[in-house]
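S.K.: Could you have a look at this structure, given as structure tokens, before my questions?
Please treat every number below as a calculation from the coordinates, not as lab data. In this text the structure is predicted, and so the values were computed from the model without any measurement. In this analysis, Cβ positions are derived from the backbone assuming ideal geometry, glycine residues included, and neighbour counts consider all displayed protein chains.
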Amino acid sequence: MTRILFITATRIGDAVLFSGPLAHLARTHPGAQITVACGPLAAPLFQAAPFVTDVIVMAKRPGGRHWLDLWRRTAGRRWDLVVDMRGSVTSWFLRAGSRRVNRRAPGAEHRHRVTEAGAVLSLDPPPAPEIWIDDAARGQADRLLPSGAPILALAPAAAAPFKEWPADRFAALADALTGPGGALQGARVALFGGPGDQATSTAVSSAITHAPVIDLTGQLDLVTAAACLQRARLFVGNDSGLMHMAAAGGAPVLGLFGPTDERVYGPWGSNARSVRAGGPAHEADRGRLRHAETSLMGGLALEQVQAAAEALIAQSGPSAPA
């Protein structure tokens, strides 16, 4: 029996972007016992994967002691393959037949995370991100978003305020797309976000005038959220885990960027596009910008986002999720 340990990200977005190599391993090693080690937020994504035998949740501890916890839980086994997307030292102290450890190449700071992930297993082109949804989540999505009018999915919040496009522009975009003559005339608007994002979603929903709003903010587990996002005719959101989940699920996705770099974190897929505010971004600025308490997305005009959304709707065609 082949035993594989796959060490992946803490953040939901990175965990989704790194999921392609995991799916590749499942396809190329049928019947393998695959253990995934990840952060608590991302864990439900892998618990829903039918080929994952075990999920080790790495809750962050001071002084990096969560890595010691991982070593204690995995050092007693001999692994046929250890794949470490986080490039940790821990993976070198495990008994393994072979190991593949992410080492970010100098000068590759603008390389997309999906390309980076594929390079760990020497896969070119890199495998696209995937997401796994169980029957319970699909059933819940059926109840929350029954078939009928198309769904415009919006995720107006982000993990940091500086990445959030203003709430009034999300509302204006929804009205422009769903109102008379809009590219999604008659569509319903579904709002997505975590438990702490309710104020942002409320600001958006209260300003929408043309469409019925289904506010799912803070009400869904991660897998059910993924099942609902699959039903979107269009998803528009900031640089966030929800954006990557929607793209991995196959929905047409428009990602809104400003201070962060879409070359690294843009949504991945043939039906995924990005628009950005202002000039070029550099990921080296993230450490400084993460302390900003207000949006730095003011330079992204409504007209620019609306034009990109309409082009994506036209390009993705009527066969897109509805």
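S.K.: Find the Cα radius of gyration of the stretch 135-316, compare it with 2.2 N^0.38 Å by division, and give the number to two decimals.
M.R.: In units of the globular-protein estimate, the stretch 135-316 measures up at 0.95.
S.K.: Here is a follow-up. Using the Cα centre of the chain as origin and beta-carbon charges of +1 (Lys, Arg) and -1 (Asp, Glu), tell me which of 295, 150, 62 is placed farthest towards the positive end of the dipole.
M.R.: In the chain, that residue is 62.
S.K.: Okay, helix-only estimate at 222 nm for the chain: each DSSP H run of n ≥ 4 adds -39500 (n - 2.57), divide by all residues, round to 500 deg cm²/dmol; what do you get?
M.R.: The per-residue figure over the chain is -9000 deg cm²/dmol.
S.K.: For every other residue with a beta carbon closer than 10 angstrom to the beta carbon of residue 78, add +1 if it is Lys or Arg and -1 if Asp or Glu, then tell me the sum.
M.R.: +2
S.K.: Given an 8 Å cut-off on Cα distances and at least 6 residues of separation, report the relative contact order of the stretch 135-316 as a percent.
M.R.: Across the stretch 135-316, relative contact order equals 25 percent.
S.K.: How large is log10 I(q)/I(0) at q = 0.15 Å⁻¹ when the Debye formula is applied to the Cα atoms of the stretch 3-120, each weighted equally and without solvent?
M.R.: Each listed q corresponds, in turn, to -0.63.
S.K.: Under a GNM of the chain (C-alpha, springs under 10 Å), which listed residue has the highest mean-square fluctuation: 71, 79, 132?
M.R.: The residue with the greatest mean-square fluctuation here is 71.
S.K.: Moving on. Which order do the peptides 117-124, 30-37, 139-146, 17-24 come out in when sorted by mean C-beta neighbours inside 10 angstrom, highest first?
M.R.: The most tightly packed comes first, giving 17-24, 30-37, 117-124, 139-146.
S.K.: Mean separation of Cα pairs under 8 Å and 6+ residues apart, divided by the residue count of the chain: what relative contact order is that in percent?
M.R.: 17
S.K.: Another question, then. What is the packing order of peptides 8-14, 52-58, 170-176, taking the mean over residues of other C-beta atoms within 10 Å and listing the highest first?
M.R.: Result, highest mean first: 170-176, 8-14, 52-58.
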